[in-house]
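Contents: one structure, followed by commentary.
Every read-out reported here was derived from the displayed coordinates using simple, explicitly stated rules and does not represent laboratory data. Please read all numbers here as calculations on a predicted model, not as lab measurements. Here the Cβ positions follow ideal geometry from the backbone for every residue, glycine too, while neighbour counts run over all protein chains shown.
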Amino acid sequence: MLKQYAKKRNFTKTSEPKPARPKRGKGPLTFVVQKHAASHLHYDFRLELDGVLLSWAVPKGPSLNPDERRLAMKVEDHPLDYGGFEGTIPKGEYGGGSVMVWDRGEYFTEKAPGTREAQEKELRSQLKDGKMEILLDGQKLKGGFVLIHTDENRWLLIKRHDEFTSDCEVTEEDRSVLSGRKIGEIDG
């Protein structure tokens, strides 16, 4: 599952977590959103499933406005340990630039009973069908979101109408939930 991830990185040059055999976590499923100042600033939206982080690059970042559809490009799965990665990928390496943990928390789908096994089974089915309906409980992102597959690696990330809907630009909250630093303050 992590072959693409490993193939794209030189771990003698980058401090990114090395791929490990996918391990299933216990308790609630987790998500992380990392702000990534690579060749183009974007946000990496990652959902834990089957012992890895499914990953989408979201150029404009998530929105709390249901009328805004955000492009989300599906990229390679990442190891679970990547969810805590904050640092700088060396220039010239794949994804070179600073990475910060912009948001993180737990997520689930309402379409399955509460057990982790039932949640993962339903989420695998939704992923295969190209429409993932999830609820996030993060420090910045809360409530319902949907990921809709449009073609090839293109998906849309859309906020669902709920009590957490807002017109405010949530990406202006620009400090790491892990370290409190801004993206320009992240190094090594």
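Is the stretch 18-76 rounded, prolate or oblate when judged by the Cα gyration tensor, a ≥ b ≥ c being the square roots of its eigenvalues, rounded requiring a/c under 1.5 and prolate requiring a/b larger than b/c? Taking the square roots of the gyration eigenvalues as a ≥ b ≥ c, the stretch 18-76 is oblate. Taking the convex hull of the alpha carbon positions in the stretch 1-130 and averaging its projected area over all directions gives 8.2 nm². Comparing GLN119, GLN34, GLN139 in a Gaussian network model of the chain, where Cα atoms under 10 Å apart are tied by springs, the biggest mean-square fluctuation is seen for GLN139. Counting other Cβ atoms within 10 Å, which chymotrypsin sites (Phe, Trp or Tyr not before Pro) in the stretch 7-78 have at most 13 and lie in a DSSP loop? Filter output for the stretch 7-78: PHE11. Cross-link pairs exceeding 20 Å in C-alpha to C-alpha distance, out of LYS3/LYS23; LYS111/LYS140; LYS23/LYS60; LYS26/LYS140; LYS35/LYS142, comprise LYS111/LYS140; LYS23/LYS60; LYS26/LYS140. Relative contact order of the stretch 3-185, taken over Cα pairs closer than 8 Å and 6 or more residues apart, is 23 percent. Amide hydrogen proximity for LEU49: with H placed 1.01 Å from N in the peptide plane, the residues at 5 or more positions away or on another chain lying under 5 Å are LEU54. Based on DSSP H segments of at least four residues, each scored -39500 (n - 2.57), the chain has a per-residue ellipticity at 222 nm of -3000 deg cm²/dmol.
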